[in-house]
Amino acid sequence: MNFTKLLCGAALLSVSVAMSAHAADKVIAGMVFQQDQFFRTIQIGMEAAAKKEGVELLQSNSDNKPEKEQSLVNTYVSRKVNAIVISPLSKTASASALNRANDAGIKVVTYNSTIEGNTPAAFINSSQEDLGASTGKAAAAFIKEKLGGKANVAILQFKSQVPEQSAARVGGFTKAVAEGGDVKVVADQDAWLAEKAVSVTNDILTAHPEVNVIYAANEGGTVGAVQAVRNSGKQGKVFVFGIDGSQQLVNFLQSDDDILQAITAQQPYEIGFSAVEAAVAAIDGKQDEKEVIVPGKALNRNDPASVKAFGDELKKYK
């Protein structure tokens, strides 16, 4: 059952509710910070787990705004939910509101990103460093086999958005890609939204015509980098490697333009599902694992069957 509901507090929330006959017994707030396929699939996983566990699920989006995130958490504290499931915007800045929630007896489960301290009852995550390393290994192999062991790399990250996560993904990539041979990073800029990434990549390609490999640390950056290479007419000269999985990125891996070579996708449905299950276990006093790692999935245009299978799986969650 889905409906829109006005919650008390500072904000109007768009609330999606998954209910069962016993929904009133447990109320869980599930928060995302932007609306893209990754987070939408997380929400679908949350909804499925809420239905399975027979709990009420309130969903909201902080729109990548710290003040809205804090307002939403405060609203849920006033609402006296049993648990908050959240991907916090900041390891430090998000902590105060979530600590207050915890002090009020609300269980906190983080996913995708977390906060400092012991407040989270559980953290559901992919290893951000491993995600970057997986794509870095694919890039290293490509550089050895296709580029003669030499590459000038441009990096697009999101350190202004979620600095700790961005740094882990970039660090994992740069360490792994160095195995490709003579690999130099000649540009490193922030661009995590597709439109911005197109502009930033265009500027990089103009300022550094020697660039032949681009690594983007998230979905938007990867999409923008591919589009910028297309716009510049540098297909076959500049190759893109990225992080995250979406239907658009699957289409890019299947495209004959040969721009996007490999990505490492998280498994957002499993992350969302596991996060709500962990919240229920925490409410019941049964959550033992403090960190649950959901492995990423490496996808390469050299393995079209796996790419197609992943794309078919994504279509189930629209």
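Bear in mind these aren't lab numbers, they're just calculated from the coordinates by the rules spelled out. Because the structure is predicted, anything quoted here is derived from the model rather than measured. Cβ sites come from the backbone with ideal geometry, for glycine too, and all protein chains shown count toward neighbours.
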Antiparallel DSSP beta bridges within the chain, as percent of all bridges there, nearest 5
10 percent
Show me, for segment 41-58, the HN-Hα J-couplings you get by feeding each phi into the Karplus relation (A = 6.51, B = -1.76, C = 1.60, θ = phi - 60°), rounded to Hz, glycine and proline as x.
5, 4, 4, 5, x, 4, 4, 5, 5, 4, 5, 4, 8, x, 10, 8, 10, 9
HN-Hα J couplings of segment 127-132 from phi, Karplus 6.51/-1.76/1.60, θ = phi - 60°, integer Hz, Gly and Pro as x?
6, 4, 5, 5, 4, x
Spelling it out for Val240: with amide H atoms placed in the peptide plane at 1.01 Å from N, the residues 5 or more places away or on another chain with amide H under 5 Å from its amide H are Ile214, Leu260, Gln261
Note down the net charge around Lys308, summing +1 for each Lys or Arg and -1 for each Asp or Glu among other residues with Cβ under 12 Å from its Cβ.
-1
Calculated from DSSP helices alone, with each H run of at least 4 adding -39500 (n - 2.57) and the total divided by the residues of the chain, [θ]222 nm to the nearest 500 comes to -14000 deg cm²/dmol
Along segment 256-270, Karplus-curve 3J(HN,Hα) (6.51, -1.76, 1.60; θ = phi - 60°) to the nearest Hz, with x for Gly and Pro, reads 6, 6, 6, 8, 7, 9, 7, 9, 10, 9, 6, 10, x, 4, 5
Among Asn99, Asn302, Asn125, which one moves the most in a GNM of the chain with springs linking Cα atoms closer than 10 Å?
Asn302
How big is the charge dipole of the chain about its Cα centre, in debye rounded to the nearest 20, if each Lys and Arg gets +1 on its Cβ and each Asp and Glu gets -1 on its Cβ?
300 debye
Which of the peptides 257-267, 206-216 is most tightly packed, and how do the rest follow, judged by the mean count of other Cβ atoms within 10 Å per residue?
257-267, 206-216
Most to least packed among 284-295, 138-149 [average Cβ atoms within 10 Å]:
138-149, 284-295
With 10 angstrom as the radius, rank Asp103, Asp36 by how many other C-beta atoms surround their C-beta, starting from the fewest.
Asp103, Asp36
Using Cα springs under 10 Å in a Gaussian network model of the chain, which residue among Val198, Val183, Val240 shows the largest mean-square fluctuation?
Val183
Alpha-carbon centroid distance for the pair segment 47-105 / segment 303-317, whole angstrom
32 Å
Taking 0.36 nm per intervening residue step and subtracting the Cα-Cα distance, what contour gain separates Asp25 from Lys315 on full extension?
101.1 nm
Can you put Ser90, Ser246 in order, fewest other beta carbons within 10 Å first?
Ser90, Ser246
